Amino acid sequence: MTSNVLEEIKEAIVKKLPEEVQLAKIEFEGPEVVIYTKNHDIIADSGDIIRTLAKDLRKRIIIRSDKSVLMDPDDTIKAVEEIVPVEAEITNISFDEVTCEVVIEATKPGLVIGKYGVTSREIVRKTGWAPKILRTPPIQSEIIGRIRNTLMNNSKERKKILTDLGARIHQGGKYPNDWVRLTAMGGFKEVGRSCMLLQTPNSRILLDCGVNVAEQDEKSSFPMLGVPEFSIQDLDAVVVSHAHLDHCGFIPYLYHYGYEGPVYSTSATRDLMTLLQLDYIDIAHREDNPLPFNRKHVQKMIKHTITLDYGVVTDISPDIKLTLHNAGHILGSAMCHFNIGEGAHNMLYTGDFKYERSRLLEPANTKFPRIESCVMESTYGGHEDVTPSRNNAEKELMKTIYKTLKRGGKILVPVFAVGRAQELMIVLEEYMRHGYIEEVPIHLDGMIWEATAVHTARPEYLSKDLRDQIFHMGRNPFIAESFNKVQNIKERKEIVDGEPSIILSTSGMLTGGNSVEYFKWLCEDKRNTIVFVGYQSEGSLGRRIQKGHKEIPLEGEDGKTKVFNVNMEVKTIHGFSGHSNRRQLMEFAKRLHPRPDKILTCHGDPYKTVDLASSIHRSYKIETKTPLILDAVRLQ
């Protein structure tokens, strides 16, 4: 059946191509149809051809040069350097001979593209190579370098992965699309280990596959993959909404146990989830708490990950198309829209989202082509979850910092490395630059520096205001002089013994990482303050401190358990969360267009999940459900 589909597509393409096109071959590469030709000029001016073919065939189309007509790599480097303005600041040029792409890394990639793509088209016209243009991050990113090297060094293997995947995606559905089913495998009536299985007669798609870092035993830490309907071998795809571990931390396990299929996400999510997964493995190893997967499975995941931009419709199985939309939660976070069976059913999975503009990101999207059912997060879905405005939260933080510094103390802010850390960096840099708080060092510990490097490499995902600052005003708040990267335990002890300062450190819930060490060192001095700005999961050390526990047994420096007395000020400031509060969740449900027939609530404590669902039903007359883990719900 697959070869027949391919032949039909080839026939349709040949009929629509201009006669002068010298066609070399046509291949499926994952969700894309790739046309290889011997005409440089055709590729350079192929915009109209691609648009027409994509519209008629309803496929993603790419045109590349055949190997036989490519310019010699050394000559190509010279040609690229002649064509691209010096101001672009090219930092590296390399070649992927498998995909016939010249990879150009530059500080200002826009100048490599040129106005309306004129510069990149000239590169194709002169050399035949298709330019793949990457941004050189202002802060060097080890993780992005590692991902780029993995993809480049395994290009042949990745081409085979994509070719096999293309055959599977485009084979056509065998059965009528007369039902859609969703099974809850984690993250329903709880926060953590988000995971669900979307099934149709022709497809099996896993939506997120996370861990609960606050839990200790496997039964409650990992998703319930043992449900009868789940089989790794039958899985068509994994779709990741965003990079937090409670949504992506268990994906390497799938590759450990034989999964050979794709992971779909935004490019920012791929970068950040790789960073967080590797750190998760390292921490587990240090704490002698081995995980059922290792670093090589993360590498395998990288090779199988297909990145998508917001708004791009992509086939991911014989009968499902996926489109990602901005979720406003963290960099690259996405709402996942599934078009099932040529419009027979449309489902939206919100993932975690923020329906409010932040300093870092634009607010979550609310407009979609069609929605029959929606799976919606409810982290702050309780009627009491009314948080202050972002402006008031910032003022409260500055007041807390001012008071602590005045009494000679230090401020410890346990943060998630991705999202809240960068939001706070922007706020602190601005208030300090304008003189609203004293200029003191802001120490960044754990993965925050590397996560920030990824943010500087992916500015296209940032808010418009932040992009304007970086591109038009020449001011990048992420690289301000007040920020100090902490690199070892010696520096940490110097910070603790030194002058008043602000410390941002992972993990955000004090479930591990360097924030726990800072807490031990600082907690018994009443001059100091610990500030919680994010969600603290039940069972986490952060939640216990937040609840007012004054005596905390933890491992001391000698390896023995010691009771630490919490004399420092404990402050919780709501309003910085990357989640929507109750009012925003209700407003999102109201503004969702078109209005879905059914909403399922997930990712929240049991009563908050139910509270939000019942309020949406009462207010908007939408059918709502609050599944438990292991429940299966028929959507169509």
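The values are calculated or read from the model by the stated rules, or taken from the named source; none is laboratory data. Since we're looking at a predicted model, the values are computed, not measured. We place every Cβ from the backbone using ideal geometry, glycine too, and count neighbours over all the protein chains shown. Accessible surface areas use protein heavy atoms only, side chains included; no ligands, DNA or RNA. Shrake-Rupley method; radii C 1.70, N 1.55, O 1.52, S 1.80 Å.
Filter segment 555-612 for residues that are more than 22 Å from V516 (Cα to Cα), surrounded by fewer than 21 Cβ atoms within 10 Å (Cβ to Cβ) and of a type in the set (G, A, S) and give the result. Residue satisfying the conditions is G575 alone.
Taking the condition touching a strand residue (DSSP E or B) at 6+ places or on another chain (Cβ under 7 Å), crowded, with 18+ Cβ neighbours inside 10 Å, modelled with pLDDT of 90 or more and farther than 25 Å from H304 by Cα, does V102 pass?
On the way: touching a strand residue (DSSP E or B) at 6+ places or on another chain (Cβ under 7 Å): yes; crowded, with 18+ Cβ neighbours inside 10 Å: yes; modelled with pLDDT of 90 or more: yes; farther than 25 Å from H304 by Cα: no.
Spelling it out, it is not the case that V102 is touching a strand residue (DSSP E or B) at 6+ places or on another chain (Cβ under 7 Å), crowded, with 18+ Cβ neighbours inside 10 Å, modelled with pLDDT of 90 or more and farther than 25 Å from H304 by Cα.
Where helices (runs of 4 or more DSSP H) fall entirely within segment 210-297, those with at least 2 residues that are among the aliphatic types (A, V, I, L, M) and closer than 30 Å to H170 by Cα are at 251-256, 267-286.
For K132, the test of being touching a strand residue (DSSP E or B) at 6+ places or on another chain (Cβ under 6 Å), basic (K, R) and touching a residue at least 12 places away in the same chain (Cβ under 8 Å) is passed.
Screening G498 with (1) under 33 Å from the mean Cα position of the chain (by Cα); (2) closer than 30 Å to S141 by Cβ; (3) not hydrophobic (A, V, I, L, M, F, W, C) gives one miss only, at (1). Contact annotation: residue pairs with Cβ atoms under 8 Å, 6 or more positions apart or on different chains, pairing a residue in segment 349-374 that is under 20 Å from A268 (Cα atoms) with a partner that is at pLDDT below 95 and basic (K, R), are S358/R390; R359/R390; E362/K464; P363/R357. Checking V112 against (1) of a type in the set (A, V, I, L, M, F, W, C); (2) over 30 Å from N339 (Cβ atoms); (3) more than 27 Å from the chain's Cα centre (by Cα), only one condition comes out false. Which one? Every condition holds for V112 apart from (3).
Taking segment 329-374 only, how many residues are among the aliphatic types (A, V, I, L, M), farther than 18 Å from H244 by Cα and not in a loop (DSSP other than H, G, I, E, B)? Spell out the reasoning first.
Start the filter on segment 329-374 by keeping residues that are among the aliphatic types (A, V, I, L, M), which leaves 330-331, 334-335, 340, 344, 347-348, 360-361, 364, 371.
When the remaining residues are screened for being farther than 18 Å from H244 by Cα, the result is 340, 344, 347-348, 371.
Now restrict to residues that are not in a loop (DSSP other than H, G, I, E, B): 340, 347-348.
So the count comes out to 3.
Cβ-Cβ distances below 6 Å connect the following pairs, each with a first residue in segment 448-459 that is touching a residue at least 12 places away in the same chain (Cβ under 8 Å) and outside any helix (DSSP H, G or I), a second residue that is of a type outside the set (V, I, T) and crowded, with 22+ Cβ neighbours inside 10 Å, and a separation of six or more residues or different chains: R458/A268.
Scanning segment 304-348 for residues that are closer than 24 Å to A417 by Cβ and among the aromatic types (F, W, Y) yields a single hit, Y310. Within segment 465-483, does at least one residue satisfy the condition of being touching a Pro at 6+ places or on another chain (Cβ under 8 Å), of a type in the set (G, A, S) and open to solvent by less than 20 Å² (accessible area, probe 1.4 Å)? No, segment 465-483 contains no residue that is touching a Pro at 6+ places or on another chain (Cβ under 8 Å), of a type in the set (G, A, S) and open to solvent by less than 20 Å² (accessible area, probe 1.4 Å).
A single entry from G548, G578, G559, G604 fulfils the requirement of being touching a residue at least 24 places away in the same chain (Cβ under 8 Å), out of contact with any His (no Cβ under 9 Å at 6 or more places or on another chain) and in a loop (DSSP other than H, G, I, E, B): G604. Here G534, G512 are screened, and the one residue that is within 26 Å of N581 (Cα to Cα) and in a loop (DSSP other than H, G, I, E, B) is G534.
The residues of segment 152-209 that are surrounded by 20 or more Cβ atoms within 10 Å (Cβ to Cβ), of a type in the set (G, A, S) and in a loop (DSSP other than H, G, I, E, B), listed by number, are G187, G192, S194, S203.
Does segment 311-334 contain any residue that is open to solvent by 10 Å² or more (accessible area, probe 1.4 Å) and in contact with a helix residue (DSSP H, G or I) (Cβ under 6 Å, 6 or more places away or on another chain)? Reasoning before the result, please.
Here is the first cut: in segment 311-334, the residues open to solvent by 10 Å² or more (accessible area, probe 1.4 Å) are 311-313, 315, 318-319, 321, 323, 325-326.
Going one step further and asking which of them are in contact with a helix residue (DSSP H, G or I) (Cβ under 6 Å, 6 or more places away or on another chain), we end up with 315.
Within segment 311-334, one or more residues are open to solvent by 10 Å² or more (accessible area, probe 1.4 Å) and in contact with a helix residue (DSSP H, G or I) (Cβ under 6 Å, 6 or more places away or on another chain).
Determine if segment 274-287 includes at least one residue that is open to solvent by less than 10 Å² (accessible area, probe 1.4 Å) and in contact (Cβ under 8 Å) with a residue 12 or more places away in the chain. Within segment 274-287, one or more residues are open to solvent by less than 10 Å² (accessible area, probe 1.4 Å) and in contact (Cβ under 8 Å) with a residue 12 or more places away in the chain.
Take the residues in segment 484-508 that are in a loop (DSSP other than H, G, I, E, B) and closer than 16 Å to L405 by Cα; name whichever of them is least open to solvent (accessible area, probe 1.4 Å).
First pass over segment 484-508, keeping only residues in a loop (DSSP other than H, G, I, E, B): 486-488, 498-501, 506-508.
Then keep just the ones that are closer than 16 Å to L405 by Cα; that gives 498-501.
Values: G498: 30, E499: 146, P500: 35, S501: 1 Å².
Per the criteria, the residue is S501.
Return yes or no: is V427 among the hydrophobic types (A, V, I, L, M, F, W, C) and surrounded by fewer than 17 Cβ atoms within 10 Å (Cβ to Cβ)? So V427 fails the test.
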